[in-house]
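Below: one structure, written as structure tokens.
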Amino acid sequence: MSLPRNPIILIPARLGSTRLPDKILADIHGKPMIVHVMDRAREADIGPVVIAAGDEEIVAAVRDADGDAVLTDPAHPSGSDRIYEALTRFDPDGRHDAIVNVQGDLPTIDPHSVRAAFEVLADPAVDIATIAAEITIPEERTNPNVVKAVFAVKPPDSVGRALYFTRATAPTGEGPLYHHIGLYAYRRAALQRFVKLPPGLLEQREKLEQLRALEAGMRIDVALVDTVPLGVDTPADLTRARDMLSP
């Protein structure tokens, strides 16, 4: 088994957030949030980092920080569609054989978690990789906003094959539940196939895009990581991020 040889990290970002408008450009200790995410992604030391931007303002902010950004169609329905357009624009010759998709609102993402997702692709049978952490807060077990990854993993193993993703409390019975973290690593062919698939029935029911891949028979493996990164969705989240990233 061997890893893809020429990966790239793509970070989808757009300004159209309803709960926290323009959060991608929110200032965190003198830098826009998207630049913090870019910095964490660079620390993963996987390959080049490119922002798939839905707005000119994001492109300008990234380039001001000496980063790479590609302007994409602002009407894309998902981050997967956005990163695929950015990939074809940035790398039309197909040099990059794997793509790591890091969400643009995770300024505290651990670079080791980014690497953990990518390293799952060492298994050639895996189409898509993602990460999850064990739920330790009891209330999260029943919270539909906490997506659960259903997969079997037994110590000392830290990677298992995804059987399902759900907003419900699953599986039942004694044992850990796992908080899915929306960071993905794709083989290039898998991403190309995925964005061309029609929305799945379960995807539409659960409002979880990754179920489209499972419905189509694609293999997703999940790596266990230690922490869940803070996703910035509200003013309170932004305050927490500033506290966590305080110099």
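Working only within the stretch 63-82, note down all residues that are outside any helix (DSSP H, G or I), at pLDDT 95 or above and of a type in the set (S, T, N, Q).
Answer for the stretch 63-82, where residues must be outside any helix (DSSP H, G or I), at pLDDT 95 or above and of a type in the set (S, T, N, Q): just 72.
Restricting the first residue to the stretch 25-52 and requiring it to be outside the structural domain of residue 66 (by TED's automatic domain parsing) and surrounded by 22 or more Cβ atoms within 10 Å (Cβ to Cβ), which pairs with a second residue that is hydroxyl-bearing (Ser, Thr, Tyr) and modelled with pLDDT under 95 meet a Cβ separation below 8 Å and a spacing of at least six or different chains?
Within 8 Å, no pair qualifies.
For the stretch 6-23, does any single residue satisfy the condition of being surrounded by 21 or more Cβ atoms within 10 Å (Cβ to Cβ), touching a residue at least 24 places away in the same chain (Cβ under 8 Å) and part of a helix (DSSP H, G or I)?
yes
From the list 202, 208, 163, which residue is touching a helix residue (DSSP H, G or I) at 6+ places or on another chain (Cβ under 7 Å) and at pLDDT 95 or above?
Matching residue, one of 202, 208, 163: 202.
Considering only residues that are in contact with a strand residue (DSSP E or B) (Cβ under 9 Å, 6 or more places away or on another chain) and part of a loop (DSSP other than H, G, I, E, B), which ones fall in the stretch 154-198?
Within the stretch 154-198, 154, 157, 158, 167, 168, 169, 170, 171, 176, 177 qualify.
Considering only residues that are surrounded by fewer than 20 Cβ atoms within 10 Å (Cβ to Cβ) and touching a residue at least 24 places away in the same chain (Cβ under 8 Å), look in the stretch 54-66 and name the one that is nearest to residue 41 (Cα to Cα).
Per the stated criteria, the residue is 65.
For residue 85, state whether it is surrounded by fewer than 22 Cβ atoms within 10 Å (Cβ to Cβ) and touching a residue at least 24 places away in the same chain (Cβ under 8 Å).
In short, yes.
Assuming residue 92 fulfils every condition listed in (1) more than 13 Å from residue 41 (Cβ to Cβ); (2) in contact (Cβ under 8 Å) with a residue 12 or more places away in the chain; (3) not polar (S, T, N, Q) apart from one, which condition is it?
Checking residue 92 against (1) more than 13 Å from residue 41 (Cβ to Cβ); (2) in contact (Cβ under 8 Å) with a residue 12 or more places away in the chain; (3) not polar (S, T, N, Q), the one that fails is (2).
Regarding residue 137, is this residue without any contact (Cβ under 8 Å) to a residue 24 or more places away in the chain, closer than 17 Å to residue 225 by Cβ and either touching a Cys at 6+ places or on another chain (Cβ under 7 Å) or among the β-branched types (Val, Ile, Thr) (or both)?
Considered against the rule, which asks whether it is without any contact (Cβ under 8 Å) to a residue 24 or more places away in the chain, closer than 17 Å to residue 225 by Cβ and either touching a Cys at 6+ places or on another chain (Cβ under 7 Å) or among the β-branched types (Val, Ile, Thr) (or both), residue 137 comes out as yes.
Need the failing condition index for residue 93 against (1) surrounded by fewer than 18 Cβ atoms within 10 Å (Cβ to Cβ); (2) touching a Gly at 6+ places or on another chain (Cβ under 9 Å), just the number.
Among (1) surrounded by fewer than 18 Cβ atoms within 10 Å (Cβ to Cβ); (2) touching a Gly at 6+ places or on another chain (Cβ under 9 Å), the lone unmet condition for residue 93 is (2).
Given the structure, is residue 151 crowded, with 18+ Cβ neighbours inside 10 Å, of a type in the set (Phe, Trp, Tyr), at pLDDT 95 or above and more than 20 Å from residue 103 (Cβ to Cβ)?
Numbers: crowded, with 18+ Cβ neighbours inside 10 Å: yes; of a type in the set (Phe, Trp, Tyr): yes; at pLDDT 95 or above: yes; more than 20 Å from residue 103 (Cβ to Cβ): yes.
Yes, satisfied.
Give just the number: which of (1) among the hydrophobic types (A, V, I, L, M, F, W, C); (2) touching a helix residue (DSSP H, G or I) at 6+ places or on another chain (Cβ under 9 Å); (3) part of a helix (DSSP H, G or I) does residue 60 not satisfy?
(2)
To keep it simple, each residue is scored yes or no on (1) more than 17 Å from the chain's Cα centre (by Cα); (2) among the charged types (D, E, K, R); (3) buried (at least 16 other Cβ atoms within 10 Å of the Cβ); (4) under 22 Å from residue 133 (Cα atoms).
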residue: 177; (1), (2), (3), (4): yes, no, yes, yes
residue: 180; (1), (2), (3), (4): no, no, yes, yes
residue: 200; (1), (2), (3), (4): yes, no, yes, no
residue: 217; (1), (2), (3), (4): yes, no, no, no
residue: 223; (1), (2), (3), (4): no, no, yes, yes
residue: 235; (1), (2), (3), (4): yes, no, no, no
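Can you pull out the residues in the stretch 123-158 that are more than 17 Å from the chain's Cα centre (by Cα) and closer than 23 Å to residue 80 by Cα?
123, 124, 125, 144, 150, 151
The values are calculated or read from the model by the stated rules, or taken from the named source; none is laboratory data. Predicted model, so just to flag it, every value in this text is computed and none were measured. FYI the Cβ positions are ideal-geometry reconstructions off the backbone, even for glycines, and counts take in every protein chain you see.
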